[in-house]
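Down below is the structure, laid out as structure tokens.
The values are calculated or read from the model by the stated rules, or taken from the named source; none is laboratory data. Since this is a predicted model, take the numbers as computed values, not measurements. All Cβ positions, even for glycine, are placed from backbone atoms using ideal geometry, and neighbour counts span all protein chains on display.
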Amino acid sequence: MPQLQFGDPLVLAQAVWMLVIFGVLYYVLRTYVLPPVGEVLEQRAARIASDLDAARQAKMTADNAMAELRAATAQARTEAQSAIASAVAQATAEAQSRADVLNARLAEQVAAAEARIAASRDAAMSTLRGVATETATALITKLVGRADAAAVDGAVGRALVARGELALGVGGAR
Amino acid sequence: MAAEGNTIDALSQFELGRALGPIGGSVNFSQSNLHMVIVAGLILALMTYGMRPRAVVPGRLQSLAESAYEFVMGLVTDQIGPEGRRFFPFVFTLFMFILFGNMLGLFPYAFTFTSHIAVTLGLSLMVFVLITVVALQLHGRKFFGYFFPEGAPLWLAPIIVPVEIISYLSRPISLSIRLFANMVAGHVMLKVFATFVVMLAGLGTAGPVLAVLPLAVNVALVGFEVLVAFLQAYVFAILTCIYLSDAVHLH
């Protein structure tokens, strides 16, 4: 086995050279090569941590804004509802008062119209007897040649009383 | 190198020769040492060229360099704790040196310097000296209490103390022989099956067909050797960390 031939100077020499090479490699790695690697890793870790912090902060801000928005919305809603309620109440009151005024005027006009109707009916009724008597006299004269004014007048009076009661009753019912 | 006559020559691959011409020869610089220099160059190339971009989002080579760094850093801090960070450069150098040496040895025509007991013993003695010096530095005379656990009955001391001393002294032996034996066994196996391929292929008509079998075995063995190459570097590094942890904490 060549590894165990310690008589060969190369076997021990390679171990000595190994120590030299290993030592140089160790020194170079430790002094020049490994620190930058650690730095890069640390920088990355720091950057990730700061990014995470920033993200957390942004989330907090967003959450706060969201809560504010929600509160503002709720407040606006209650305000709007109270405004709507007051407007509705005011409009109702106004409509009521206007309707009252209108009703009063209408009632007044109805009353005036009824009065006018009653007056014109009374006037018509008062002229009715004369017209009826004249008409009856003219008819009877045409039929029999003569007319007893007193009898015609009495008959018209009786008939008018009978119908007048009826007419008055009907008029009263209207 | 391959089959000479009908013999299997599995050991000539471990023979040392002088390298770098007459200058290297005059200082006994072997091809084994040349491979160590190549390994050192590869490690330095990976860690400097790979880390050159210093990117926040690493590329492939930078990822490799960083994962090597973080792997060893994890090893050191897990085993020793935060105070183990000062040993990180040493463990990193050790791990990368052995890993790259094992891996480089798997290439054809390459020499596996970790298959030499002188090299592995040198590495493990380095570890042994380090752990002893660290333990003496940190704990002074209390370090010798390590060989006799507190609370053990005093009459057991004649048994416990020699056992503890032997187990402590056998650390570099087991460390070096484990790596050496693994690498030698793996390369001997590869060589033996490779010789089978050549010998069978020369056996006439049926030979080349039969030679496929040892070839298939060799393909599987190469994959297995890659695993062993990593595993042995890992074992060497983690045992170094455990020994360093013992030295730092004296349990």
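A few notes on this one:
- Single match in B:VAL76, B:VAL91, B:VAL57 (criterion: touching a Cys at 6+ places or on another chain (Cβ under 8 Å) and within 11 Å of another protein chain (Cβ to nearest Cβ)): B:VAL91
- Some residue of segment B:40-54 being in a helix (DSSP H, G or I), in contact (Cβ under 8 Å) with a residue 24 or more places away in the chain, within 12 Å of another protein chain (Cβ to nearest Cβ) and under 18 Å from A:GLN14 (Cα atoms): yes
- Qualifying residue in segment B:145-156 (condition: surrounded by 15 or more Cβ atoms within 10 Å (Cβ to Cβ), modelled with pLDDT under 95, in a helix (DSSP H, G or I) and more than 14 Å from chain A (Cβ to nearest Cβ)): yes
For every residue, the table says whether it meets (1) hydrophobic (A, V, I, L, M, F, W, C); (2) more than 7 Å from chain B (Cβ to nearest Cβ); (3) surrounded by 20 or more Cβ atoms within 10 Å (Cβ to Cβ).
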site: A:MET1; (1), (2), (3): yes, no, no
site: A:PRO9; (1), (2), (3): no, no, no
site: A:LEU12; (1), (2), (3): yes, no, no
site: A:MET18; (1), (2), (3): yes, no, yes
site: A:PRO36; (1), (2), (3): no, no, no
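- Single unsatisfied condition, B:PHE111 versus (1) part of a helix (DSSP H, G or I); (2) in contact with a Ser or Thr (Cβ under 6 Å, 6 or more places away or on another chain); (3) aromatic (Phe, Trp, Tyr): (1)
- Out of B:GLY25, B:GLY84, sole residue that is part of a helix (DSSP H, G or I), within 22 Å of B:ILE238 (Cα to Cα) and among the small types (Gly, Ala, Ser): B:GLY84
- Scanning segment A:44-64 for residues that are among the small types (Gly, Ala, Ser), within 14 Å of chain B (Cβ to nearest Cβ) and over 20 Å from B:LEU64 (Cα atoms) gives A:ALA46, A:ALA49, A:SER50.
Table: residues versus (1) within 11 Å of another protein chain (Cβ to nearest Cβ); (2) within 33 Å of the chain's Cα centre (by Cα); (3) closer than 30 Å to B:MET47 by Cβ.
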site: A:GLN5; (1), (2), (3): yes, no, no
site: A:LEU25; (1), (2), (3): yes, no, yes
site: A:VAL40; (1), (2), (3): yes, no, yes
site: A:MET66; (1), (2), (3): no, yes, no
site: A:ALA72; (1), (2), (3): no, yes, no
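- Qualifying residue in segment A:30-43 (condition: part of a helix (DSSP H, G or I), hydrophobic (A, V, I, L, M, F, W, C), touching a Leu at 6+ places or on another chain (Cβ under 7 Å) and more than 30 Å from B:GLN62 (Cα to Cα)): no
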